[in-house]
Amino acid sequence: MKTSTVIGFLAMLSSQALALELEGTYTVASAGTELYLEDASGQIIFEEGDPQAWFFIEAETDRYAIVNGVTNQYIHCGSTEGAICEASDVAQLFQIDNISDNVYTFLEPESQLLLHRTTDNQLDLSLPTPTNDESFELTQASCKSLAD
């Protein structure tokens, strides 16, 4: 009984630690590149240059909506392999997993597909590949909360 209580408490703290870690706004780069996630007139793409800021809203435990800090649009991809992601008024939740330091993967929980940078620098849903194109580096842009 005590063991399960301790495990439950640790799981709760772990979940809260991730939520605290994702407060503020972040730039999102395809890991190992200088290509940053952008909302370009409703299309979600990767490009070099001045990165846009993104923030994360935890809607369910360890599941987040990803929101552009400039347009206030959500990343929305549907749930089929190869589906190209777009900016939308409709939130889609992703399970965010920290795989090392500030590198993360974003899993669409219904399909078990990952957000993925395509060869033409779009964002889609994909099965894991031998490349690093499903890994994203988050760099904090601001600690300011939206309420400020």
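The values are calculated or read from the model by the stated rules, or taken from the named source; none is laboratory data. No experiment lies behind these values; they were computed from the predicted model shown. Cβ atoms come from the backbone with ideal geometry, glycine included; neighbour counts cover every protein chain shown.
Residues of region 88-103 include at least one that is more than 17 Å from TRP54 (Cα to Cα), of a type outside the set (A, V, I, L, M, F, W, C) and over 13 Å from the mean Cα position of the chain (by Cα).
Considering the conditions (1) farther than 26 Å from ASN132 by Cβ; (2) modelled with pLDDT of 85 or more, THR5 is excluded by exactly one of them, (2). Can you tell me which residue is modelled with the highest pLDDT among those in region 72-105 that are of a type in the set (Asp, Glu) and in a strand (DSSP E or B)? Looking at residues that are of a type in the set (Asp, Glu) and in a strand (DSSP E or B), I get GLU86.
Looking only at residues in region 35-65 that are touching a residue at least 24 places away in the same chain (Cβ under 8 Å) and of a type in the set (S, T, N, Q), the one that is farthest from GLU108 (Cα to Cα) is GLN52. Out of all the residues in region 127-137, which are at pLDDT 95 or above and surrounded by fewer than 18 Cβ atoms within 10 Å (Cβ to Cβ)? Within region 127-137, LEU127 is the sole residue that qualifies. Pairs are defined by a Cβ separation below 9 Å, a sequence spacing of at least 6 or placement on different chains, a first member in region 20-34 that is at pLDDT below 95, and a second member that is small (Gly, Ala, Ser); the pairs so defined are GLU23/SER145; GLY24/ALA53; GLY24/ALA141; GLY24/SER142; GLY24/SER145; GLY32/SER135.
Give the residue that is nearest to GLY24 (Cα to Cα), with candidates limited to residues of region 68-99 that are touching a Ser or Thr at 6+ places or on another chain (Cβ under 9 Å) and free of Cβ contacts under 8 Å to residues at least 24 places away in the same chain. Among those residues, the one meeting the criterion is TYR74.
Residues that are within 20 Å of GLU47 (Cβ to Cβ) and either of a type in the set (Lys, Arg) or surrounded by fewer than 17 Cβ atoms within 10 Å (Cβ to Cβ) (or both) do occur in region 106-117.
The set of residues in region 109-126 being in a strand (DSSP E or B) and not polar (S, T, N, Q) consists of LEU113, LEU114, LEU115, HIS116, ARG117, LEU123, ASP124, LEU125.
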